[in-house]
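Have a look at the structure below before the remarks.
Read-outs throughout are calculated quantities, based only on the coordinates presented, and are distinct from any laboratory measurement. Since the structure is predicted, the reported quantities are computational estimates derived from the model, not experimental observations. Cβ placement follows ideal geometry from the backbone for every residue including glycine, while neighbour counts extend to all protein chains displayed.
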Amino acid sequence: MDSSRMFDYSAETQTQIPGFLSRLYEDEVARLLTYLQERRYAPGEYAIHTGDTDRSIFVVTSGSFESISPSRRGPQRSRLFNTGDVFGELAFLDGLPRSADVRAIDASEALVLSTAGFEHLRLSEPRLAFEFILDLGRVMSLRYRERSRKLGELGKY
């Protein structure tokens, strides 16, 4: 598997940031890949359902996914995920049920890290596990900043 763009955010992401885990060396990426599972999704297939208790985290390697959140007006697309984007991070970290559906828009692929996979990573490669969590925090922080900026523009913050 070619890992050269695996953790690079696409140019279409609104927040211009270095890709998730893009600071890892090639040998570190190769080691990390041994803890992840590759999954393929058909257009319209769900990767995550609201209320699921699975704590896996996903890294998009091809295609695109959309997050659909419940709202008073019915289901609303809340985010689009492209190659290099990460989703499922909230349940991965807090262990609470999933707060949104995520489905493939087109034929898509993602690397999936389960909690068992992360536990193996943490025990076998503690520095890589630390980099994973630290970079996940960076991505979440940047998403929070983007959301705060948008709310400020709408006069709601």
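Things to note:
- Where the Cα pairs of region 26-153 fall when distances are cut into 10 Å bins, in %: 12, 41, 36, 10, 1
- Region 70-121: trypsin sites (Lys or Arg not before Pro) in DSSP coil with no more than 12 other Cβ atoms inside 10 Å: Arg72, Arg73
- Subtracting the Cα-Cα distance of Leu93 and Leu134 from 0.36 nm times their residue separation leaves 13.6 nm of extension gain.
- Förster-model FRET efficiency, 22 Å R0, Lys150 and Thr53, C-beta, rounded to 0.05: 0.15
- From the largest down, region 34-106 spans 41, 28, 17 angstrom on the principal axes of its Cα atoms.
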